[in-house]
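Undergrad: The structure follows.
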Amino acid sequence: MSSVITRVKQKQIAQAIAKGKRLDGRDLADYREIKIEQGIIERAEGSARILLGKTEVLVGTKIELGEPFPDTPNEGVLTVNAELVPLASSTFEPGPPDENSIELARIVDRGIRESKAIDTEKLCIEPGKKVFVIFVDVYVLNHDGNLIDASALAAVAALLNTKMPNYEIKEGEVKLKPGYTPLPMRKRPITVTFAKISDKLVVDAWLEEEQVMDARLSMAIDDDGNICAIQKGGSGYFTVQEILDAAKMAREKSEEIRKKLKW
Amino acid sequence: MSQKTEKLIDKKGLRLDGRKPDELRPIKMEVGILSNAEGSAYIEQGKNKILAAVFGPKEMHPKHLALPDRMVIRCRYHMAPFSVQERKSPSPSRREIELSKVIRESLEPTVFMEYYPRTGIDVFIEVLQADGSTRCASITAASVAMADAGIPMRDLVAACSAGKVDDTIILDLMDAEDKLGSADVPVALMPNHNAVTLLQMDGILTAEEFEKTVSLALEGCQKIYAMQKEALKTRYVSVKEVEE
């Protein structure tokens, strides 16, 4: 997930951050401007588009009838997939999902799943036989860094916007009825990603900063301030103190971002 | 997998396999057991049985993947079809692809990659039997295998999980505790650098619980680090005896 920038630029970015500054004028703990639009794809059961600076992510949700997993017969199924669409970056190639898009999808999935954001028991139609399956498809439309936070936010915004079809059971058959009810949501998990550059933690790294970072750390925080998912990435490391600082800052930042979500 | 809410911690405060909350499972490590690999290791941690092998440094294939200023590490974490209760398809799952990536990224910080430009090493991990926390045991074994292969490293990488079950913070989760517990935090550490190279979590923890869980996992990493050193010593003391 990288394109080439000059060593001079890399040095500039690292040196500025060492002094607590960033080339685009932000503080280390500042996000870029966040814009959220919901319900922009009418064919989808729910949708949302996030602009995080120039990073753009569209998420659409679809709901289908399906079978539950044998170990959770009373719960609906959540499936998250991520596409790094080739038009979003010269480094994205068409073809089957690579490790980056799989990791992205699994981080988004974990934030929603582990925070128990969706009341999946309400998606059960017939225990062990019929449940609603929710497909969350993350579509990256423009890559300018921090795809994780943008995708996680877009996914939650789309779920908040998702409508569940009404149904009735006639002669043992599940029939869909006209009309919708909102998807039963309990939590709004927010994922905050830190990039480690010049031994400092930087929030919401843009593309060129990501190419300088040693490692990244993503934390999903639920509405009560609990940590519900973490992922470290990149070939660097974190000290224990950095991890604890990140956990504290993630709680503050997640609260700020959650206010932007309409519920 | 059972649906009933089993107690994972009994009245005496002991776990399903009789361990105390802060106790590791029995661990056995063997070094240099595969003849074709430059380095290899086998680990048993509870019922986990995992093989790790390292090939290289060697010329990178395909060549366009080579980097002009450093080596490339490739890593494949793979589970045998018979390693779990229900047969697992041998083709790599999304979980295995993600784990291959995070395991690679947990090993990269320790390697002097700039010493071998334009080359690559392959780290192959085969889980023969899985019983929870396999990614941690895999990292532990892979880093020992890399040392056995003579890859120049800043440190070993020791990995251990901690988590929460029945409101108790516990060390080294086994399968049942992972599935039925409320949080799982795998951690990898370069013990002499205090550098955390893998950190993941799923479940729900408060900030205080998270801090406790991480520090317990780090204690586990230190204990495992001592065993890694012991395993490497045992191997090379015996090599010396043969030569004499």
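The values are calculated or read from the model by the stated rules, or taken from the named source; none is laboratory data. Here the structure is a predicted model, which means the values were calculated and not measured. For neighbour counting, all protein chains shown are included, and Cβ atoms are generated from backbone atoms with ideal geometry for every residue, glycine included. The accessibility values were calculated without ligands, DNA or RNA, using every heavy atom of the protein model including side chains. Shrake-Rupley method; radii C 1.70, N 1.55, O 1.52, S 1.80 Å.
Undergrad: Counting only protein chains, not ligands or nucleic acids, how are A:Val85, A:Val240 ordered by accessible area (probe 1.4 Å), most first?
TA: So the residues, ranked largest to smallest area, are A:Val240, A:Val85.
Undergrad: Can you list residues from other chains, or at least 5 along the same chain, whose modelled amide H is less than 5 Å from the amide H of B:Met79?
TA: B:Val127
Undergrad: Oh, and also: Could you tally up the Lys pairs in region B:1-158 with alpha carbons closer than 14 Å? Skip any pair fewer than 8 positions apart unless they're on separate chains.
TA: Within region B:1-158, the lysine pair count is 4.
Undergrad: Also: Accessible area of B:Ser91, 1.4 Å probe, to the nearest 10 Å²?
TA: In the full protein context, B:Ser91 sits at about 70 Å².
Undergrad: For A:Lys54 and B:His61, FRET efficiency with R0 = 30 Å and r from the beta-carbon atoms, rounded to 0.05?
TA: Computed FRET efficiency for B:His61 and A:Lys54 comes out at 0.20.
Undergrad: May I ask for the net charge around A:Glu93, where only other residues with Cβ less than 13 Å from the Cβ of A:Glu93 are counted and Lys, Arg are +1 while Asp, Glu are -1?
TA: -3
Undergrad: Here's another thing I want to ask about it. Using a 1.4 Å probe and ignoring any ligands, DNA or RNA, find the accessible area of A:Glu67 and quote it in Å² to the nearest 10.
TA: About 140 Å², rounded to the nearest 10.
Undergrad: In terms of the Cα gyration tensor, with a ≥ b ≥ c the square roots of its eigenvalues, is region A:1-49 rounded because a/c is under 1.5, prolate because a/b exceeds b/c, or oblate?
TA: The shape class here is oblate.
Undergrad: What is the distance in Å between the Cα centres of region A:24-49 and region A:142-204?
TA: 12
Undergrad: I'd like the accessible area for A:Thr191: 1.4 Å probe, protein heavy atoms, all chains in place, Å² to the nearest 10.
TA: The accessible area of A:Thr191 comes to roughly 10 Å².
Undergrad: What helices does chain A hold that run 18 Å or longer along their axis, going by alpha-carbon atoms, with a Kyte-Doolittle average of 1.6 or more, using DSSP H for the helix calls?
TA: A:147-160
Undergrad: Using C-alpha positions alone, give me the convex hull volume of chain A per residue in cubic angstrom.
TA: About 128 Å³ per residue, rounded to a whole number.
Undergrad: I would also like to ask the following. Tilt of helix B:94-107 relative to the longest C-alpha principal axis of chain B, in degrees (0 to 90, nearest 10)?
TA: So the helix axis and the longest Cα principal axis differ by about 60 degrees.
Undergrad: Looking only at B:Pro26, B:Pro152, B:Pro117, which one moves most when chain B is put into a Gaussian network model with springs between Cα atoms under 10 Å?
TA: Comparing B:Pro26, B:Pro152, B:Pro117 in a Gaussian network model of chain B, the most mobile one is B:Pro26.
Undergrad: For B:Phe210, B:Phe112, what's the largest-to-smallest order of accessible area, 1.4 Å probe?
TA: B:Phe112, B:Phe210
Undergrad: Same structure, new question: Please give the total accessible area that chains B and A bury against each other, computed with a 1.4 Å probe and expressed in Å² to the nearest 100.
TA: Result for this pair: about 3000 Å² buried.
Undergrad: Here's something else I'd like to know. Name the shape class, rounded, prolate or oblate, that the alpha-carbon gyration tensor gives for the protein assembly as shown, where a ≥ b ≥ c are the square roots of its eigenvalues, rounded holds for a/c under 1.5, and otherwise prolate holds if a/b is larger than b/c and oblate otherwise.
TA: Cα axes put the protein assembly as shown in the oblate bin.
Undergrad: For chain B, set up a GNM with springs between Cα atoms under 10 Å and report which of B:Arg87, B:Arg135, B:Arg76 has the largest fluctuation.
TA: B:Arg87
Undergrad: Further, regarding this structure: Over the whole of B:212-221, what's the average partner chain Cβ count within 10 Å per residue? Rounded to a whole number, please.
TA: Average neighbour count from other chains, rounded to a whole number: 1.
Undergrad: Rounded to whole Hz and in sequence order, give me ³J(HN,Hα) for region B:7-23 from the Karplus expression 6.51 cos²θ - 1.76 cosθ + 1.60, θ = phi - 60°, writing x for Gly and Pro.
TA: 7, 8, 10, 7, 4, 7, x, 9, 8, 3, 9, x, 7, 6, x, 9, 9
Undergrad: With axes computed from alpha carbons, what is the tilt in degrees of helix B:134-148 against the longest principal axis of chain B, rounded to the nearest 10 within 0 to 90?
TA: Once rounded, the angle reads 30 degrees.
Undergrad: Treating the beta-carbon of each Lys and Arg as +1 and of each Asp and Glu as -1, no other charges, what is the dipole magnitude of chain B about its Cα centre, to the nearest 20 debye?
TA: With only Lys, Arg, Asp and Glu charged at Cβ, the dipole is about 400 debye.
Undergrad: Applying the Karplus parametrisation 6.51 cos²θ - 1.76 cosθ + 1.60 with θ = phi - 60° to the phi angles of region A:118-135, what ³J(HN,Hα) value in whole Hz is obtained for each residue in order, glycine and proline being reported as x?
TA: 9, 7, 5, 5, 6, 9, 7, 9, 9, x, x, 10, 10, 9, 7, 10, 9, 9
Undergrad: Roughly to the nearest percent, how much of the accessible area of chain B is carbon and sulfur, given a 1.4 Å probe?
TA: Summing carbon and sulfur atoms, their accessible area is 53 percent of the total for chain B.
Undergrad: Compare A:Tyr167, A:Tyr180, B:Tyr42 by solvent-accessible area with a 1.4 Å probe and give them largest first, with all protein chains kept in place.
TA: So the residues, ranked largest to smallest area, are A:Tyr180, A:Tyr167, B:Tyr42.
Undergrad: Additional query: Write down the accessible area per residue of chain A in Å², having rolled a 1.4 Å probe over the full set of protein chains.
TA: That works out to 46 Å² per residue.
Undergrad: Which one of A:Glu252, A:Glu99, A:Glu45 has the biggest mean-square fluctuation once chain A is modelled by GNM with Cα springs under 10 Å?
TA: Greatest mean-square fluctuation among the candidates belongs to A:Glu99.
Undergrad: While we're here: Over all residues in A:239-251, what is the mean tally of Cβ atoms on other chains that come within 10 Å of each residue's Cβ?
TA: Mean shielding count: 3.
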